[in-house]
Amino acid sequence: MVHYSDGRNSYWGVLSAVHHAEVIAHKTGEPYGTLVLSISVTIIKVSLIISMMLTGPEGSEFIARDAVFATVMIVINGVIGLCIFLGGLTHHEMSFRNEGTNSALAVLTALATFILVMPTVTVSTLGPDFTRSQLAFAGIASFALYIAFLFFQTVTHRDYYLPKTKEKKTDKNVHALKPSNLKTGVSAVLLILSLITVVGLAELLSPTIEKAVDAAGAPKTIVSIAIALLVLMPRGICCC
């Protein structure tokens with residue numbers, strides 16, 4: 001029998017973490033708010049992936065790759081598409097900063113190609129895999145590329161990720177009033193507690209997802225999609 005209480009608890013833990021991250025992000029403003037959200041979501045996703053890779057059956061070593069692929073597809077086609085659709089219905093016309101969007105997509109494309117495509121064209125191993133030295137290089141290069149993007153986003157070209165006009169920065173119809181220092185401090189504490197809770201529940205959630213997939217007779221790749229949906233669904237709700 002599959003117990004779903006762990007899944008529900010983990011989902012509410014993820015939702016709580018994303019909500020409190022949103023409060024802190026609103027207080028700090030862009031682009032630092034995006035960084036807070038990204039770090040929170042990354043901690044949750046990595047904890048779930050590591051737990052399943054360590055406790056899962058044979059073939060669990062591919063969960064990380066499949067989860068990254070599922071995340072890219074869900075974000076680009078699902079979350080962004082839904083936000084554009086709902087935003088169009090609500091505001092009728094929306095504005096975009098092409099500079100910030102292009103730079104983010106360029107980094108995402110480079111990382112996705114490097115991690116998801118390159119292993120299939122290397123000839124050092126028999127399967128679609130990196131050798132240890134190649135894996136080390138891939139990890140260091142990806143980290144360096146992301147650090148460069150963060151520097152670009154928060155220091156050298158920060159204006160690319162802010163509204164074009166000063167009026168929109170202060171317009172209450174564009175951004176609600178920022179939370180108080182007390183509310184932000186409480187959210188910071190609750191965010192840490194929520195992340196600790198989710199990380200702790202990750203080990204209990206892993207067999208629950210695997211049992212649910214086996215009971216449904218679905219392929220193992222559904223596990224990776226479930227991880228991506230669990231983490232991205234609350235974030236998508238907050239964005240939309």
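When residue 18 is tested against (1) surrounded by fewer than 19 Cβ atoms within 10 Å (Cβ to Cβ); (2) within 22 Å of residue 162 (Cα to Cα); (3) at pLDDT below 75, exactly one condition is not met: (1). Screening the candidates 63, 76 for the property of being within 27 Å of residue 220 (Cβ to Cβ), open to solvent by 20 Å² or more (accessible area, probe 1.4 Å), modelled with pLDDT of 75 or more and not in a loop (DSSP other than H, G, I, E, B) yields one hit, 76. Scanning region 82-100 for residues that are surrounded by 13 or more Cβ atoms within 10 Å (Cβ to Cβ) and more than 30 Å from residue 151 (Cβ to Cβ) yields a single hit, 82. Taking residue 164, is it at pLDDT below 75, farther than 26 Å from residue 51 by Cβ and part of a loop (DSSP other than H, G, I, E, B)? Spelling it out, residue 164 is indeed at pLDDT below 75, farther than 26 Å from residue 51 by Cβ and part of a loop (DSSP other than H, G, I, E, B).
Taking region 88-108 as the range and being without any contact (Cβ under 8 Å) to a residue 24 or more places away in the chain and assigned to a helix (DSSP H, G or I) as the test, the residues that pass are 88, 89, 90, 91, 98, 101, 102, 105, 106. Tallying residues that are surrounded by fewer than 15 Cβ atoms within 10 Å (Cβ to Cβ) and in a helix (DSSP H, G or I) within region 115-141 yields 12.
Filtering region 131-158 to residues that are more than 24 Å from the chain's Cα centre (by Cα) and not β-branched (Val, Ile, Thr) leaves 132, 133, 134. Looking at region 171-178, can you tell me whether even one residue there is assigned to a helix (DSSP H, G or I), among the acidic types (Asp, Glu) and either over 23 Å from residue 43 (Cα atoms) or at pLDDT 70 or above (or both)? Taking every residue of region 171-178 in turn, none turns out to be assigned to a helix (DSSP H, G or I), among the acidic types (Asp, Glu) and either over 23 Å from residue 43 (Cα atoms) or at pLDDT 70 or above (or both).
When you look at residue 111, is it loosely packed, with under 15 Cβ neighbours inside 10 Å and either assigned to a helix (DSSP H, G or I) or in contact with a Pro (Cβ under 9 Å, 6 or more places away or on another chain) (or both), yes or no? Criteria not met by residue 111.
The values are calculated or read from the model by the stated rules, or taken from the named source; none is laboratory data. Nothing here was measured: the structure is a model prediction, and the numbers come from that model. Every residue, glycine as well, gets a Cβ built from its backbone with ideal geometry; the counts of neighbours run over all protein chains shown. In case anyone asks, the SASA skips ligands and DNA or RNA and just uses the protein heavy atoms, side chains included. Shrake-Rupley method; radii C 1.70, N 1.55, O 1.52, S 1.80 Å.
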